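Read through the structure below, which is laid out as C-alpha cells, and then see the notes.
The values are calculated or read from the model by the stated rules, or taken from the named source; none is laboratory data. Because the structure is predicted, anything quoted here is derived from the model rather than measured. Note that each Cβ is placed from the backbone with ideal geometry, even for glycine, and that neighbours are counted across all protein chains shown.
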Ligand SMILES: Nc1ncnc2c1ncn2[C@@H]1O[C@H](COP(=O)(O)OP(=O)(O)OP(=O)(O)O)[C@@H](O)[C@H]1O
Ligand SMILES: [Mg+2]
C-alpha cells in the first residue's frame, strides 16, 4: 500500500521557471526511497511538496490516503505526522534540547508537559544524547544537532520521514553518527524519503532510487537496477561522477 | 561652577540680551510664584509626566508596531501592502505635524458631540500626545520587528511549520522570541528616542519636563539653571534606561545564539 503518492506534479516558481515537471512516483509503507540528482534539479522542492511546505500548481499528492494538495484546515495535523529533517538542522536555538523535542508534542499533539518530557528523554536516549538534554542547540556539534533534529521528528510518532540532505552540512567525521541513526530507523520499517548523495547509505538500506534532473524524475528504479545499470545516460554520468569521489 | 566658565557664559548671555545675569543655583529651592511648591518639585513633576508619557507612548508603539511589523512578514500580499502603507504614512510626516493633526484637526472631524467631549477631556493633551507619539514611534518599531523576523534563517519558519505548528504558533513560539532578541539593541534606542520625543508634547500644552524648565525660566529668569537642570535630568534618565536595558539584554543571551558563548 502506498504511504506517499506523487501524481503528475508540476510546480512553477514564477510563470517562466518550472521547477517540477510532471513528477510521478510513490513510496510504499516501510519503503526507503533515495532521491538524488545534480544541484538545482528540484530534489528539495519535491520532498517539501510532500508535507505541503511548498505548494504545487498541478497534480496531486497524498499521504496515508489523505490529499495534501487540496487539504487546508487539517494541514498542521497532517504535517505533525510527517517527520522532516533539514540540511541545516533548524533546531530552535532559544530552546533547550529537551524543549525542542517537547514543543510540537505539547502544542500540536496536546500532550501534557510530563508525558512529552518523558517521550523526549526516551528519544534522546535512543540517539545517544541524554547527557545534552538541558543544553542549547548552539552548544552541540553538527552531528549531535542533526541527531536531535531526527529525535524531534520521531517524538511526534511520524507515519513517514522526509530527509533533505541530512548529512551534507556535516564535517566528514560526523556523517556516520547520523547515517547510523537513519539506518536503524530504516531497519525498523520506517517509511523514508531521503534526498542524499550518500550512495553507501542508498546501497545499504534503500529499496528504490529516484534520479532527478532539471525538475524531472528521469529514473525511478529498484536499488540494484539503479546501481547495476542505470537506463538513462544522465544518471550514468551522475553516478560515475559521484562514485568516483 | 568653575569661575572662567561662568564668566564666559555670563558674557554670552549678555550678548543675547541678558545683561547683568545673576547666577543663582539656589533657585531650585525657592517657591514658584504659582505657589505650587519649589522649582525643583515642579521639575520633578515634569519628569514624572515625561516618564509617564514615554511609557504610555512606548506601550502603544510596541504593541501596534509589533502587529504591523509581523503582518509585513506574512506570506500573503495584502497584509504586507497594508503594513508598508502604514509605515510610510507615520514615518514620513513630521512628529510635530502629526501631533497638531491629532490635537487640532481630528476633534473637528469627529461628530460634534464627540469632538466637544474630546476637547474638554481633563488630560486631553496628555492622551493626544500619548497617541500621537505612540503611533509615530510604532512605525519605527514595526520596521525593526520586520527586519528582525526577516533576518532569521528561512528554515526556522519551515521547521516550525513542519512539526505541525500553525502560523500563529510558529510566530509565538519560534520567530518572535528569536526576532525580539535580535532587535533588542535597536529597540532600546527607539525607546530612548521616544523619551526624547516627549518634549514635543509641550507644544500642545503637556506640562512635561521641558515645559517645566521653560516656565521656570519665564518666572525666575534663571534660564541657564533651568535648562542645565533639564539637560542633566534627560541625560540621567537615558543613562538609567541604557543601563537597565544592558542588564536585560545580558539576561536574554542564549548560549550559541545571540552573542552567547557556546
Ligand atoms: N523560492 C524560490 N524561488 C525561485 N526559485 C527557487 C526557489 N527555491 C528554489 N528555487 C530554484 O528551483 C530550483 C530547484 O531547487 P531545489 O532546491 O529544489 O534544488 P535541489 O535539487 O534541492 O538542489 P541542491 O542539491 O542544491 O539542494 C533551483 O534552480 C533553485 O534555484
Ligand atoms: Mg536541496
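Restricting attention to segment A:123-141, does a residue exist that is within 12 Å of another protein chain (Cβ to nearest Cβ), away from ligand 2 (no atom under 16 Å from the Cβ), over 16 Å from the mean Cα position of the chain (by Cα) and closer than 30 Å to residue A:37 by Cα?
Yes, the conditions are met somewhere in segment A:123-141.
Looking only at segment B:129-164, count every residue that is within 9 Å of chain A (Cβ to nearest Cβ) and outside any helix (DSSP H, G or I) and tell me the total.
Residues that pass the stated criteria total 3.
If only one of A:150, A:159 is more than 16 Å from ligand 2 (Cβ to nearest atom), away from every other protein chain (no Cβ under 12 Å) and under 25 Å from residue A:39 (Cβ atoms), which one is it?
Of the residues listed, the single one that is more than 16 Å from ligand 2 (Cβ to nearest atom), away from every other protein chain (no Cβ under 12 Å) and under 25 Å from residue A:39 (Cβ atoms) is A:150.
For segment B:210-262, name all the residues that are in a loop (DSSP other than H, G, I, E, B), within 14 Å of chain A (Cβ to nearest Cβ) and at pLDDT below 90.
If the condition is that a residue be in a loop (DSSP other than H, G, I, E, B), within 14 Å of chain A (Cβ to nearest Cβ) and at pLDDT below 90, then B:256, B:257, B:258, B:259, B:261, B:262 are the ones that fit.
Residues that are without any contact (Cβ under 8 Å) to a residue 60 or more places away in the chain and within 13 Å of ligand 1 (Cβ to nearest atom): list the strands (runs of 3 or more DSSP E) wholly contained in segment A:1-109 that include at least 2 such residues.
Those strands (runs of 3 or more DSSP E) span A:2-14.
With respect to the numbered conditions (1) within 22 Å of residue A:42 (Cβ to Cβ); (2) in a loop (DSSP other than H, G, I, E, B), which one is the sole condition not fulfilled by residue A:134?
Answer for residue A:134: the failing condition is (1).
Please state which one of A:170, A:162, A:154, A:124 is in contact with a helix residue (DSSP H, G or I) (Cβ under 7 Å, 6 or more places away or on another chain) and over 21 Å from residue A:48 (Cβ atoms).
Just a single option satisfies the conditions, and that option is A:124.
Would segment B:112-128 turn up any residue that is within 14 Å of chain A (Cβ to nearest Cβ), part of a loop (DSSP other than H, G, I, E, B) and exposed (fewer than 15 other Cβ atoms within 10 Å of the Cβ)?
no
Residues checked against (1) within 14 Å of another protein chain (Cβ to nearest Cβ); (2) away from ligand 2 (no atom under 16 Å from the Cβ); (3) touching a helix residue (DSSP H, G or I) at 6+ places or on another chain (Cβ under 7 Å); (4) closer than 26 Å to residue A:116 by Cα:
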{"position": "A:16", "(1), (2), (3), (4)": "no, yes, no, no"}
{"position": "A:21", "(1), (2), (3), (4)": "no, yes, no, no"}
{"position": "A:28", "(1), (2), (3), (4)": "no, yes, no, no"}
{"position": "A:37", "(1), (2), (3), (4)": "no, no, yes, no"}
{"position": "A:55", "(1), (2), (3), (4)": "yes, yes, no, no"}
{"position": "A:72", "(1), (2), (3), (4)": "yes, yes, no, no"}
{"position": "A:87", "(1), (2), (3), (4)": "yes, no, no, yes"}
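Tally time: how many residues in segment B:165-209 are crowded, with 23+ Cβ neighbours inside 10 Å and in a loop (DSSP other than H, G, I, E, B)?
Going through segment B:165-209 one residue at a time, the tally reaches 3.
Find the helices (runs of 4 or more DSSP H) located wholly in segment A:139-225 whose residues include 3 or more that are within 30 Å of residue A:98 (Cβ to Cβ) and away from ligand 1 (no atom under 13 Å from the Cβ), and list them.
Passing ranges, in order: A:142-154, A:172-187.
Do the conditions hold for residue A:50, that is, is it modelled with pLDDT of 95 or more, more than 10 Å from ligand 2 (Cβ to nearest atom), within 14 Å of chain B (Cβ to nearest Cβ) and crowded, with 22+ Cβ neighbours inside 10 Å?
So residue A:50 passes the test.
Does residue B:159 satisfy being surrounded by 15 or more Cβ atoms within 10 Å (Cβ to Cβ) and touching a strand residue (DSSP E or B) at 6+ places or on another chain (Cβ under 8 Å)?
Yes: the conditions hold for residue B:159.
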